[in-house]
Every structure is written in structure tokens, then in C-alpha cells.
Amino acid sequence: MKITVVGTGYVGLVTGTCFAETGNEVVCVDIDKSKIARLSNGEITIYEPGLEKLFIRNLKENRLSFTTDLKEGIKGARIIFLALPTPPGEDGSADLKYILGVAEDLGKILKEYVVIIDKSTVPVGTAEKVHAAVAKNYSGEFDVVSNPEFLREGVAVDDFMKPDRVIIGTSSERAKKVMNELYAPFVRSGNPVIFMDERSAELTKYAANSFLATKISFMNEIAQLCERLGADVDMVRLGIGSDERIGKRFLFPGIGYGGSCFPKDVQALVKSAKEADYDFSILNAVMKVNENQKKHLIPKMQRYFNEGLKGKHIAIWGLAFKPNTDDIREAPALYVIDELLSLGCTISVFDPEAMGNVRNLLKDKVQYAESQYEAIQGADALVIATEWNEFRTPDFIKMVKGMKNKAIFDGRNLFDMNAIKELGFHYECIGRGNVQKINQQL
Ligand code: NAD
């Protein structure tokens with residue numbers, strides 16, 4: 001099948017590559033000329049485990065190509081995916097200018113029946129808006145389908161190739177047939193393709209992300225309570241997670257959720273609710289908890305350095321919003337860095353994949369280390385902001401030798417409390433560690 005993917009970012013590039021991998025002929029279109037030039041030359045533009053190998057293979061076999069020319073890109077296509085940004089507008093609602101702009105452009109150049117697919121996360125009613133935008137200039141036949149994407153950065157290829165489920169919102173039998181054919185190779189082990197109307201599909205995506213964000217904020221509040229009541233959040237997590245209704249996953253407290261999806265999608269759903277005259281009170285609380293949680297380590301550091309943080313040199317391990325990606329959009333690490341800079345600290349940072357993106361953003365505001373150990377040289381404290389695997393069992397002897405002062409503020413609960421304290425570190429994390437103190441008081 002000939003497929004066009006418009007927008008070649010995290011979702012578009014994975015989508016295009018994975019459809020090429022199942023034998024389709026895929027053209028990816030983007031307005032970013034340098035991105036398209038690099039991709040055409042075989043240079044991958046994002047870090048995503050397993051993607052590069054598939055990308056190179058399909059490029060070599062001519063199943064995957066790239067262009068900045070939309071007209072050229074859609075020639076002969078049966079399916080056109082829109083994998084475009086939907087950033088928050090000033091009022092928090094999803095900004096549809098990219099989607100509707102491309103939809104209008106498509107209307108001017110379409111010549112035959114196509115299925116246009118909203119892959120982006122878009123508010124309820126967008127499929128109708130896209131339909132109207134195309135129809136402004138095109139009177140031929142076409143269908144608009146809502147097919148939200150559920151891949152997770154860091155495991156995006158696996159998620160795409162073996163999805164838990166595929167959600168397809170359409171009222172057209174013709175489009176349904178095309179979608180069934182397209183996704184058949186991805187659901188051979190029996191995971192469901194769930195067909196529904198467009199509006200329900202659009203809402204499903206927001207409901208999923210908002211539910212997951214709620215789980216995180218809930219656990220962050222439980223962690224706050226653990227710190228105050230002398231309980232251990234790891235124990236509570238294990239205790240509740242073994243209840244099948246709750247489940248073991250997504251119960252880890254930390255320094256807040258980030259990334260390009262949860263913050264903007266929760267915000268957009270609250271806004272959609274408001275427009276429908278409904279106050280989504282749980283989600284308002286979820287956002288508030290998350291804002292506070294991103295700064296949770298700062299008061300701990302202030303208490304520890306009771307003479308103040310001014311002039312302290314702080315190392316940061318982890319900048320990406322989560323491990324196995326170079327994506328720093330809304331990354332909690334950036335909030336911690338901002339706060340520490342405003343308190344007069346100097347900062348040395350390290351991340352296995354996100355250094356380039358942070359360098360572009362923060363320029364010379366921080367120092368960039370070549371390794372996790374270089375980052376801690378002469379540091380008064382280490383902050384762990386992302387749970388990369390290589391931070392989990394570091395060379396503690398090297399750390400003891402390198403740091404000026406042995407203090408770790410761990411936003412991801414990576415270390416065994418007792419082991420790290422035996423090594424002489426002052427160690428603070430999220431929702432653990434006050435149990436002993438309280439027991440001593442009793
Ligand atoms: P992205 O910013 O990484 O990529 C978007 C791409 O679209 C960019 O390369 C940009 O240059 C391009 N673009 C902008 N305007 C264009 C135009 N007029 N024509 C062609 N290309 C254009 O965004 P993303 O992370 O891939 O997200 C895309 C959508 O998918 C968003 O709605 C997002 O919410 C949703 N989504 C993202 C993820 C994720 O993990 N990143 C997961 C599921 C859903």
C-alpha cells in the first residue's frame with residue numbers, strides 16, 4: 001500500500017518506518033528542510049531504541065523516502081497520516097493550526113479517494129473539522145479517520161509493532177476496510193483493533209493519558225504522605241499493586257510527569273471539559289500536584305544546606321523527560337535546573353542521549369559533562385532526575401572520590417537506602433526514608 005505520513009517527528013518517523021517495515025511504500029513529508037535532508041541521507045533525527053536499524057533497512061530497500069513537497073509526497077497514496085504537532089495554545093486547548101493547515105492544503109491537491117488519518121492527539125470534533133477543511137477545496141470522495149497513537153517514547157518501535165490495541169474511529173465502511181488491511185500485520189497475536197465513532201476515538205486518547213497522569217499524581221501524593229507519616233512508598237506501592245484492579249505498573253513516585261504528551265493532554269482535556277460546561281476537578285488537582293512535585297527536591301536541598309544553596313555546585317544526572325529518549329519537552333530536570341540557577345547554584349549536567357537538545361536550549365547556563373562521573377567532580381550534591389539504567393548501579397567509589405560533598409537527592413528512588421547510607425552518603429529520595437527516624441522517636 002502507498003502511504004504518506006505528514007509530520008516526521010517522534011510519532012511520524014516511527015509510524016512511517018514501521019509501516020515500511022511491513023512492506024508498504026511510505027513517503028514521509030515534513031516542512032523542516034534540514035530534517036528531511038538528514039533523513040534522506042540516512043541520518044536518523046531522533047534517538048529511539050531499535051528505530052535506526054529499521055529506518056536504514058527500509059531506506060535502502062526504497063520503501064521509505066522523504067520529501068518537503070506535500071504534492072509530490074501524496075502522489076498515488078491510498079492513506080495519508082497526519083502526525084503533526086498539537087501544542088497547547090495560550091488558553092491550554094490543543095492548537096489545531098498545523099492539522100487544519102495541512103488539511104486545507106490537501107484539499108487543493110487531492111485527485112482521488114484517500115483515507116486521511118488523524119494520528120496526532122486531537123480534541124473531540126477534530127475529524128469533522130479536518131473533513132470540512134479538506135472539503136473547502138475538494139469535492140471528490142475521501143474519508144477522515146481518527147486513529148490516535150499510543151506509542152511510548154523509549155519503547156516506541158515495540159509499541160508500534162505490537163500494540164496493546166489499535167483504536168480506529170470511523171463511520172465509513174470503505175475506510176474501515178482499508179484500516180483493517182493496514183493494521184492486520186500488527187495484530188496477528190490477537191490484540192484488538194477496536195472500531196468506534198470518531199468522537200469516542202478522539203476522547204479515548206485523552207482519557208488514557210489523563211488516567212495515567214492521574215495515577216502518577218496520586219502516587220506522588222501518597223509519597224508526600226509517606227514522608228510525613230513515616231511510611232515507605234515502595235512498600236505501599238507493592239502492597240496496592242498486587243491488587244489486579246490497581247495493577248503494578250505506573251505506580252512509581254518521582255519528581256513529576258513531563259514529556260510532550262501528559263502535560264499538554266491533561267490541560268487540553270480540562271479545557272475541552274470547560275468548553276462543554278464541565279469542571280473536570282480531578283484533572284485540575286492532577287496538574288496542581290504535578291507542578292508542586294517537580295520542585296519537590298528543592299526544599300529538601302534547602303534544608304540540608306541550611307546556609308543556603310547560593311554558590312553550591314550541583315551535578316544533575318538525567319535530563320530527558322524519561323529514560324531511553326532524547327526528548328526534553330517538559331522534562332522535570334529542566335524545572336529543577338531553573339530553580340537551582342535562580343537560587344545561585346552552578347550546575348554540571350549529564351544525560352546519555354539528551355545533551356544536544358539541552359545544549360540548544362540552555363546554552364552556557366550550565367556545564368556539560370562527558371560522563372556521569374565527570375558531572376559529579378567537585379559537586380556539593382548530586383540530583384538524579386531521570387532513571388536511566390546506567391545510573392542504577394554506578395561506581396560508588398568513583399563517586400565518593402569525585403564529589404566534594406557526599407549528598408544525593410534522588411528524584412527517581414534508584415538506590416537502596418541502607419547501602420547508600422553505609423557508604424557515607426547523605427541520601428534523600430521520594431516517599432522513603434523517614435521510617436527509621438520515626439521508629440527512633442517512638
Ligand atoms: P514532533 O514535534 O516530534 O513532530 C512533528 C513534526 O511535524 C515536526 O517534524 C514538524 O517539523 C512537522 N510539521 C509541522 N508542521 C508541518 C507541516 N505543515 N507540514 C509537514 N510537517 C510539519 O511531534 P510528535 O511528538 O511526533 O507528536 C505529534 C502528535 O502525536 C502530537 O499530537 C502528539 O500529541 C501525538 N503523540 C505523541 C506521542 C509521543 O510520544 N511523542 C505519542 C502519541 C501521540
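Before we move on, is Ala354 in the same structural domain as Gly402 (by TED's automatic domain parsing) and closer than 18 Å to Ala213 by Cα?
Values: in the same structural domain as Gly402 (by TED's automatic domain parsing): yes; closer than 18 Å to Ala213 by Cα: no.
Judged against the criteria, Ala354 is not a match.
Within segment 326-349, which residues are open to solvent by 30 Å² or more (accessible area, probe 1.4 Å) and within 16 Å of the ligand (Cβ to nearest atom)?
Within segment 326-349, Arg329, Glu330 meet the criteria.
Only one residue in Asn284, Asn306 is open to solvent by 40 Å² or more (accessible area, probe 1.4 Å), modelled with pLDDT under 95 and either more than 16 Å from the ligand (Cβ to nearest atom) or part of a loop (DSSP other than H, G, I, E, B) (or both), so which one is that?
Details: Asn284 fails: modelled with pLDDT under 95.
Among Asn284, Asn306, only Asn306 is open to solvent by 40 Å² or more (accessible area, probe 1.4 Å), modelled with pLDDT under 95 and either more than 16 Å from the ligand (Cβ to nearest atom) or part of a loop (DSSP other than H, G, I, E, B) (or both).
Test Ile117 against the stated conditions and say whether it is at negative phi, under 25 Å from the mean Cα position of the chain (by Cα) and modelled with pLDDT of 95 or more.
Numbers: at negative phi: yes; under 25 Å from the mean Cα position of the chain (by Cα): yes; modelled with pLDDT of 95 or more: yes.
It is true that Ile117 is at negative phi, under 25 Å from the mean Cα position of the chain (by Cα) and modelled with pLDDT of 95 or more.
Pull out all pairs, ordered by first then second residue, where Cβ-Cβ is under 6 Å, the residues are six or more apart or on different chains, the first lies in segment 23-37 and is farther than 10 Å from Gly7 by Cα, and the second is modelled with pLDDT of 95 or more and within 12 Å of the ligand (Cβ to nearest atom).
Val26/Gly16; Val27/Thr4; Val27/Gly73; Lys33/Thr68; Lys35/Thr45; Ile36/Asp30; Ile36/Phe66; Ile36/Thr68
So how many residues does segment 9-28 have that are within 11 Å of the ligand (Cβ to nearest atom) and among the β-branched types (Val, Ile, Thr)?
Residues that pass the stated criteria total 3.
Go over the candidates Ala213, Ala223 one by one and state the one that is surrounded by 19 or more Cβ atoms within 10 Å (Cβ to Cβ), within 16 Å of the ligand (Cβ to nearest atom) and closer than 19 Å to Gly431 by Cα. Spell out the reasoning first.
Working: Ala223 fails: within 16 Å of the ligand (Cβ to nearest atom).
Residue meeting the stated conditions: Ala213.
Filtering segment 74-98 down to residues that are among the small types (Gly, Ala, Ser) and near the ligand (Cβ under 9 Å from one of its atoms), which residue is farthest from Thr4 (Cα to Cα)?
The residue in question is Ala94.
Of all helices (runs of 4 or more DSSP H) completely enclosed by segment 1-108, which ones contain at least 3 residues that are in the same structural domain as Lys136 (by TED's automatic domain parsing) and crowded, with 19+ Cβ neighbours inside 10 Å?
Values: elements: 10-21, 33-40, 51-60, 70-73.
In segment 1-108, 10-21, 33-40, 51-60 are the helices (runs of 4 or more DSSP H) which contain 3 or more residues that are in the same structural domain as Lys136 (by TED's automatic domain parsing) and crowded, with 19+ Cβ neighbours inside 10 Å.
Ser272: under 17 Å from the mean Cα position of the chain (by Cα), within 16 Å of the ligand (Cβ to nearest atom) and open to solvent by less than 50 Å² (accessible area, probe 1.4 Å), yes or no?
For Ser272, the condition - under 17 Å from the mean Cα position of the chain (by Cα), within 16 Å of the ligand (Cβ to nearest atom) and open to solvent by less than 50 Å² (accessible area, probe 1.4 Å) - is not met.
Could you list all residues from segment 109-123 that are charged (D, E, K, R) and open to solvent by less than 30 Å² (accessible area, probe 1.4 Å)? I'd like the intermediate steps shown before the answer.
Here is the first cut: in segment 109-123, the residues charged (D, E, K, R) are 111-112, 118-119.
Asp118, Lys119, listed by residue number.
So which of Glu43, Glu128, Glu112, Glu48 is over 18 Å from Val178 (Cα atoms), without any contact (Cβ under 8 Å) to a residue 60 or more places away in the chain and not polar (S, T, N, Q)? Steps first, answer last, please.
Working: Glu128 fails: without any contact (Cβ under 8 Å) to a residue 60 or more places away in the chain; Glu112 fails: over 18 Å from Val178 (Cα atoms); Glu48 fails: without any contact (Cβ under 8 Å) to a residue 60 or more places away in the chain.
Just a single option satisfies the conditions, and that option is Glu43.
If the requirement is being more than 16 Å from the ligand (Cβ to nearest atom) and within 21 Å of the chain's Cα centre (by Cα), which of these qualifies: Pro323, Pro352? Give the derivation first.
Values: Pro323 fails: more than 16 Å from the ligand (Cβ to nearest atom).
None of the other options fit; the residue is Pro352.
Any idea which of (1) in a loop (DSSP other than H, G, I, E, B); (2) free of Cβ contacts under 8 Å to residues at least 12 places away in the same chain is the one Glu149 doesn't satisfy?
Here Glu149 meets the rest and fails (2).
Can you spot a residue in segment 245-258 that is part of a helix (DSSP H, G or I) and either outside the structural domain of Gly431 (by TED's automatic domain parsing) or closer than 26 Å to Glu90 by Cβ (or both)? Outline the logic, then answer.
Taking segment 245-258 and keeping what is part of a helix (DSSP H, G or I), we get none.
No, segment 245-258 contains no residue that is part of a helix (DSSP H, G or I) and either outside the structural domain of Gly431 (by TED's automatic domain parsing) or closer than 26 Å to Glu90 by Cβ (or both).
Looking at segment 109-123, which of its residues are away from the ligand (no atom under 14 Å from the Cβ), part of a loop (DSSP other than H, G, I, E, B) and of a type outside the set (Phe, Trp, Tyr)?
Restricting attention to segment 109-123, the residues satisfying the condition of being away from the ligand (no atom under 14 Å from the Cβ) are 110-115.
Of the ones still in play, those that are also part of a loop (DSSP other than H, G, I, E, B) are 110-113.
Once the filter is applied, which keeps residues that are away from the ligand (no atom under 14 Å from the Cβ), part of a loop (DSSP other than H, G, I, E, B) and of a type outside the set (Phe, Trp, Tyr), segment 109-123 yields Leu110, Lys111, Glu112.
Go through (1) free of Cβ contacts under 8 Å to residues at least 24 places away in the same chain; (2) under 23 Å from Tyr183 (Cβ atoms) and name the single condition Tyr10 misses.
(1)
In segment 137-151, what count of residues is obtained for those that are within 23 Å of Leu203 (Cβ to Cβ) and either within 16 Å of the ligand (Cβ to nearest atom) or of a type in the set (Gly, Ala, Ser) (or both)?
Qualifying residue count for the region: 8.
The values are calculated or read from the model by the stated rules, or taken from the named source; none is laboratory data. From a predicted model like this one, the values you see are computed outputs, not experimental measurements. Please note: Cβ atoms are built from the backbone with ideal geometry, for glycine as well, and neighbour counts cover all protein chains shown. Only protein heavy atoms, including side chains, enter the accessible area calculation; ligands, DNA and RNA are left aside. Shrake-Rupley method; radii C 1.70, N 1.55, O 1.52, S 1.80 Å.
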